[in-house]
Amino acid sequence: MTSPDYASILDEIYRDLRPHFGRGRVADYIPELANVRAEHFGMAIVTVDGHVYRSGDADLRFSIQSISKLFACTLAFQLLGDSLWDRVGREPSGNAFNSLVQLEFEAGKPRNPFINAGALVVTDVLCRRFVRAETALVEFVRRLTGEPSIDYDLRVAESELAHAERNRAMAHFMASFGNMDMPADAVIDAYCRQCAISMNCVELARAALFLANGGVSPANGEQVVDASSAKRLSALMLTCGTYDAAGDFVYRVGLPAKSGVGGGIVAVLPGEFAVCVWSPGLDPTGNSQVGQMALEWLTTRTGRSIF
Ligand code: GLU
């Protein structure tokens, strides 16, 4: 099958989406994120055979927030394999990403690694293994992208740390059920720093590309995970990667994806490409409003999705 003309399609999407730039609401519960202009829009596709297509602000770094949960989960899965699932489930939660309610009914075992409670368990795994979990994660994405300048933004991390009451409550609550090995506050500290990693669309697409390539990172040839694990991580993205809107997102876009409240969404088409879109305005489910439109148009106009 010949590849679609991704360069022209990205240009068209940019042009047709322009009247919608700025739509949605920029996250402001982390004060530092509220300073980002809603009108930004960037999109990048990186193919497994090495082509890069970009439009708009594709080279401007932004706060990856929950997209970090994908990389953290990959590292934890590398370390623990299936025993990770003793501590965190693999089901969509049907609740908001930062909800506490289910945790009590389910004895402190979060539904999946992409809601905050599940991500805190994953970060706990990393904190136990590494002296500084966030540094291990930064080094991981640097390797996946070949970009040594990637780092976390201290101002964003401190801004979230100063407003992390809900996540702190979650971590302590899970500790009360015995599902936290390290001190809850140390885990929160590492978690806020990992969420504050800044990357651009090209870098994020490149970093996620191993999932589209049987677990091998085309950037450096590293076997990040085996092909079966790449399938499993992608399946989790499909069912749980876009918060409580995963069903609607899959209906519209048809790709495994992970979103963040910084307005980024990264998605993969196995065997072909990884794509990242960034538009900071969110819809009420916490997903980038214009970003979802861009991905829906991409899969509709190219006729390419996992279905
Ligand atoms: N750091 C954010 C939080 O814990 C991440 C949320 C997100 O991007 O979904 O609230």
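Structure data summary
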{"read-out": "Which of Ala227, Ala58, Ser8, positive extreme of dipole for the chain (C-beta unit charges)", "value": "Ala227"}
{"read-out": "Test item: Cα-centred dipole of the chain, Lys/Arg +1 and Asp/Glu -1 on Cβ, debye", "value": "240"}
{"read-out": "FRET efficiency for Ser149 and Asp283, using Cβ-Cβ distance with R0 set to 45 Å, rounded to 0.05", "value": "0.90"}
{"read-out": "For the stretch 1-120, radius of gyration divided by Kirkwood radius, i.e. Rg to Rh on alpha-carbons", "value": "1.06"}
{"read-out": "For peptides 172-179, 39-46, sequence by mean Cβ density within 10 Å, most packed first", "value": "39-46, 172-179"}
{"read-out": "Local net charge near Ala136, Cβ-Cβ under 12 Å (Lys/Arg +1, Asp/Glu -1)", "value": "+4"}
{"read-out": "Volume of the Cα convex hull of the stretch 180-291, divided per residue and given in Å³", "value": "130"}
{"read-out": "Label-point separation in nm, Arg15 to Arg90, each point 7 Å along Cα→Cβ", "value": "4.4"}
{"read-out": "Calculated diffusion of the stretch 249-307, Stokes-Einstein form, Kirkwood radius summed over Cα pairs, 25 °C and 0.890 mPa s, µm²/s", "value": "219"}
{"read-out": "Label-point separation in nm, Phe307 to Asp49, each point 7 Å along Cα→Cβ", "value": "2.8"}
{"read-out": "Peptides 294-302, 216-224, 266-274 ordered by average Cβ neighbours within 10 Å, highest first", "value": "266-274, 294-302, 216-224"}
{"read-out": "Peptide ranges 21-32, 252-263, 55-66 listed from the most packed, as the mean C-beta count within 10 angstrom indicates", "value": "252-263, 55-66, 21-32"}
{"read-out": "Percentage of interatomic Cα-Cα distances in the chain larger than 29 Å", "value": "27"}
{"read-out": "Translational diffusion of the stretch 54-119, µm² s⁻¹ [Kirkwood Rh, Cα pairs; Stokes-Einstein; 4 °C; 1.567 mPa s]", "value": "97"}
{"read-out": "Under Karplus coefficients 6.51, -1.76 and 1.60, residue-wise ³J(HN,Hα) of the stretch 71-88 in Hz, glycine/proline x", "value": "6, 5, 5, 4, 5, 5, 5, 4, 6, 9, x, 4, 6, 4, 6, 5, 10, 8"}
{"read-out": "The chain, relative contact order [Cα under 8 Å, separation at least 6], %", "value": "27"}
{"read-out": "Within-14-Å neighbourhood charge of Ser55 [Cβ basis; K, R +1; D, E -1]", "value": "-2"}
{"read-out": "Charge sum, other residues only, whose C-beta stays under 10 Å from Ser149's C-beta, Lys/Arg counted +1 and Asp/Glu -1", "value": "-1"}
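Each reported figure results from applying straightforward, stated rules to the coordinates on display, with no laboratory input. Values in this document were obtained by computation on a predicted structure and should not be read as measured data. For neighbour counting, all protein chains shown are included, and Cβ atoms are generated from backbone atoms with ideal geometry for every residue, glycine included.
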